[in-house]
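The values are calculated or read from the model by the stated rules, or taken from the named source; none is laboratory data. The structure presented is a predicted model; accordingly, all values stated were derived computationally and were not measured. All Cβ positions, even for glycine, are placed from backbone atoms using ideal geometry, and neighbour counts span all protein chains on display.
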Amino acid sequence: MTCSCQAEDRMEKQFVQADVDLHLMDDILSMYSQEAGNLITVLQKAQDIYGYLPLSVLQHIADGLGIKRAQVYGVATFYTQFRLTAMGKYIILLCEGTACHVNGSERIATALEEELKVSMGETTEDGLFTLSDAACLGCCSLAPVMMINGRAYGPLTPDKACAIIRDIYKQEKMNAEGGVTA
Amino acid sequence: MIIKIGIGSCGIAAGALPVWDVVQEEIGVQGQDIKLEQTGCIGMCHHEPLLEMIYDDGRAYMFGHVTPEIAREIMQAEHPETLDKYLVSTSEQSNEFLSRQVRIALRNCGHIDPESIDDYIKTGGYQALESVVKGNDPEGVIEQIKVSGLRGRGGAGFPTWFKWNATRAEKNPQKYVVCNADEGDPGAFMDRSVLEGDPHTLLEGMAIAGFAIGASQGIIYARAEYPLAVKRVEIAIQQARKKNILGKNIFGSQFSYDIIVKQGAGAFVCGEETALIASLEGERGMPRLKPPFPSQRGYWQKPTNINNVETLANVPWIIQEGGAAFAAMGTEDSKGTKVFALAGKIKRGGLVEVPMGITLREIIYDLGGGIKDGRKFKAVQLGGPSGGCIPESLLDTPVDYKSISNTGAIMGSGGMVVMDEGTCMVDLARFFLNFTQKESCGKCVQCRIGTKRMLEILNRICEGKGQEGDIELLENLGSQIIAGSLCGLGQSAPNPVLTTIRYFREEYEAHIYDKKCPAHQCKELITYHIDAERCKSCGLCAKKCPVQCISGEKKQPYVIDQSKCIKCGSCLEACPSKWSAVIVE
């Protein structure tokens, strides 16, 4: 039964509709549905599988854990870690901490936005990079810092940051070309 | 010989992994009897990557800024200890950064292999837990913590023994110990260092707390942004379980205790106790009214004791050495040591652990080496987004809870971001407000809307649209937010604004009335131009300009087209310093 105010319907429109294999969640749901309080952990595991959290996954989690869909939507939208749209293969987290700020992280952001031709929070057209920011990565002495798929890089200059991106891009291109023959 | 390489997040960021590979390769080639070990962060982040050589006779040599090439040179040298240019500290002569420190919470960081429980045990690890469990006197443990005077290191500075005692006094047999490892203050990274560099200390501290209050379950609420820390803590838990240091009937006693890790999902407000508990239970991390305090009704409504990582890391030492030894250091109201994370425009950034009561000046100048690039000190920001900015006139303030809060800042978790004359204090206040405004959970109106309004005012001041009365409006809003917010986030969110107004009011006035940014940082209030007499027409600035708004030709001074200039500062950087023809006003 849906609520007459239809807030839930409106909320659902904000999420991405995507057809994904929900069976990949089976083990996780059976493992965590026994005790309460595991919603965040389950969302984290789901995000590890799909890269982000489309509507069908959120609903499947609600049904699997036996909790209200609205609760799942509420938690998924509360925490910055949860991504509601598809991400690139490489997620660039640019640190926005205090030390990075006073050491010029804004200029790194501008340089990366220009290099990747996306704005903060967006993914490149080829699906390779997502440019995102983080509150603080805790590598303050190496400010300004960015983290790409769990690895931190610093201290950065605009040129250095772009060079790191270009290196990854080159590597990816080589792998793609090599992948045909391999 | 043993070679240790610092492999923490910061070491890896600085390039420690390729150094590790080279050293391993060289050991293979030379076929010598050398043991290669990883270790955590010793705190000298400004010298990363670090490589330490320890001879069998105990002599130790630490090399800094090691690249793969330097590592090869060190490995191939007959007497590496003579390579002065790379040496940063030796066992005979410790450097200023290390020699002024008293390391308790960080005692093992940078010395032991964090992924080896045997390494930890060799340094006396888990002896405190064993003695406590075998002594079977939980009240005695709490008494030792009381004698030590240990106060919470996460920010609020609440006496640790009091929390333990209150949780112990609860009748409910099911109790929890929660470690708050959600180190969210931008500019603080001591908890990460302990988690990555000495995870067993934390486990031991938590187990002792569990024994003292009568809990059988510990939970570490770790930050999602610290993947390496989570990995190392999980390895440590597995190792401790294998040795039955965690599990049933620890050290053959009646005491059973286990620890699990739960990861946060990126919300600053979850550093607040009640929000943290909500998050642990899988809910949105929103604080609730206290009382009941977590010690009465916490995780799943059960009595819960919550301590921060650094607090718990001190516990094994206190039990081993006695509370009085800890209390012998520090000041009347602040005992023991405190870890500070030095960052910003400082020469030697990193982690320092010093006795309470030492002055800010000593930390910044004696340990930190003063300001980078020969510039002038302007302010130090203490306590992250909940803290405040302390000006030069107050640099002789001793670091203890009371003296620091008298300045309008707070001790907080110990983040110390140093700023030079190139930092605009209005912009800095805006930076923090932007942070707290984004992180406000939205429960209290004053916090949710008030921070937004304050941010709007700060934005317009930085854009040169500030109006008369804006400063007073900020002060007024600030005091309302403090009064009308439920949790520490809202109650302290205005602090960075209020302290910068208190100490740097003239800078706000320059923005509002003169439409100038004295630190030359606020883009809308500055212009770049080229001094025709100084310009040597090299064209470097034009080449670097991302919007091609600089034109000129040989023997003619270059000119910036102001209508197209985006004020990125590339030209200023490109112009060789011997000419300094680009002027910013």
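What the table below lists for this structure:
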| quantity | calculated |
| --- | --- |
| Qualifying positions in segment B:510-548 - over 28 Å from B:Ser577 (Cβ atoms) and crowded, with 18+ Cβ neighbours inside 10 Å | B:His511, B:Ile512 |
| Number of positions in segment B:153-179 that are among the aliphatic types (A, V, I, L, M) and free of Cβ contacts under 8 Å to residues at least 60 places away in the same chain | 1 |
| Residue within segment B:257-280 that is free of Cβ contacts under 8 Å to residues at least 40 places away in the same chain, touching a Lys or Arg at 6+ places or on another chain (Cβ under 8 Å) and not aromatic (Phe, Trp, Tyr) present | yes |
| Which numbered condition B:Cys549 fails, given (1) farther than 30 Å from B:Gln467 by Cα; (2) touching a residue at least 24 places away in the same chain (Cβ under 8 Å) | (2) |
| Hits in segment B:415-449 - residues which are of a type in the set (Asp, Glu) and more than 10 Å from every other protein chain (Cβ to nearest Cβ) | B:Glu421 |
| Any hit, segment A:33-45, residues being more than 14 Å from chain B (Cβ to nearest Cβ), surrounded by fewer than 15 Cβ atoms within 10 Å (Cβ to Cβ) and free of Cβ contacts under 8 Å to residues at least 24 places away in the same chain | no |
| Listing of helices (runs of 4 or more DSSP H) fully contained in segment B:464-581 that carry 2 or more residues being among the hydrophobic types (A, V, I, L, M, F, W, C) | B:470-484, B:495-509, B:540-544, B:570-574 |
| Residue that is nearest to A:Ala99 (Cα to Cα), among those in segment A:113-150 that are of a type in the set (Gly, Ala, Ser) and assigned to a loop (DSSP other than H, G, I, E, B) | A:Ala143 |
| Filter result for B:Arg297 (among the basic types (Lys, Arg) and part of a loop (DSSP other than H, G, I, E, B)) | yes |
| Filtered residues of segment B:553-570 (kept if modelled with pLDDT of 90 or more and over 18 Å from B:Glu524 (Cβ atoms)) | B:Pro557, B:Tyr558, B:Val559 |
| Which numbered condition A:Phe78 fails, given (1) in contact with a helix residue (DSSP H, G or I) (Cβ under 6 Å, 6 or more places away or on another chain); (2) within 17 Å of A:Glu8 (Cβ to Cβ) | (1) |
| Candidate set: segment B:558-575, residues that are aliphatic (A, V, I, L, M) and surrounded by fewer than 17 Cβ atoms within 10 Å (Cβ to Cβ); chosen: the one farthest from the other protein chains (Cβ to nearest Cβ) | B:Val559 |
| Top-ranked residue of segment B:355-385 - restricted to ones that are among the hydrophobic types (A, V, I, L, M, F, W, C) and over 24 Å from A:Leu137 (Cα atoms), ranked as farthest from the other protein chains (Cβ to nearest Cβ) | B:Met356 |
